[in-house]
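Written out below as structure tokens is the structure these notes cover.
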Amino acid sequence: MGWGTEFKAEIYLNKQIYKSESELENTIEEYKENISHVKEQLLMFASSNVKDISPSEWEEEPIRYVHYETSKLIEYLGDLFIELYELELYLKNYGTGKTDGV
């Protein structure tokens, strides 16, 4: 085995309780679907003509509109990835006695 650093992390899933492994797996799938949806939106912004996708109130600054919208999506995507990773860790330890489930 190689070398590295090992540590234990405490993760708190705020206001989330799962009564079964399948319920947790369904939530994980929902997160994956949300991630796919956000990726599609980002690709739409990347491949579209800025003036075609910006609303009329942003007519004077369409690039700023795209920057604003894509920044929000990138931040949301980062949050989704973190939450998905935490749920996958929880699933990995589900039923092992290593989780509180409280």
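Each reported figure results from applying straightforward, stated rules to the coordinates on display, with no laboratory input. These figures come from a predicted structure and were not determined experimentally. Glycine also receives a Cβ, built like all others from the backbone with ideal geometry; neighbour counts cover every protein chain displayed.
The alpha carbon gyration tensor of segment 48-98 gives principal lengths a ≥ b ≥ c with a/c of 1.5 or higher and a/b greater than b/c, which makes the shape prolate. Rounded to the nearest 10 degrees, the angle from helix 21-47 to the longest Cα principal axis of the chain is 20 degrees.
Once each of the GluC sites (Glu not before Pro) sitting in a DSSP loop with at most 13 other beta-carbon atoms within 10 Å is removed, the chain keeps 11-58 as its longest stretch.
Ordering Leu84, Gly2, Ser47 by Cα displacement along the dipole of the chain toward the positive end leaves Gly2 in first place; charges were set at the Cβ atoms of Lys, Arg (+1) and Asp, Glu (-1). Across segment 81-96, rounded Karplus estimates of 3J(HN,Hα) from the backbone phi angles (6.51 cos²θ - 1.76 cosθ + 1.60, θ = phi - 60°) give 4, 5, 5, 4, 4, 4, 5, 5, 5, 5, 4, 4, 9, 5, x, 9 Hz, Gly and Pro being marked x. Among the trypsin sites (Lys or Arg not before Pro) found in segment 1-101, those both in a DSSP coil and sparsely packed, with 14 or fewer other Cβ atoms within 10 Å of their Cβ, are Lys8, Lys15, Lys19, Lys98. Pairs of Lys residues in the chain that lie 8 or more places apart, or on two chains, and have C-alpha atoms under 26 angstrom apart add up to 18.
Estimated from helical segments only, the mean residue ellipticity of the chain at 222 nm is -21500 deg cm²/dmol, where each DSSP H run of four or more residues counts as -39500 (n - 2.57). Radius of gyration (Cα atoms) of the chain, expressed as a multiple of 2.2 N^0.38 Å: 1.50.
Dividing the mean sequence gap of close Cα pairs (under 8 Å, 6+ apart) by how many residues the chain holds gives a relative contact order of 39 percent.
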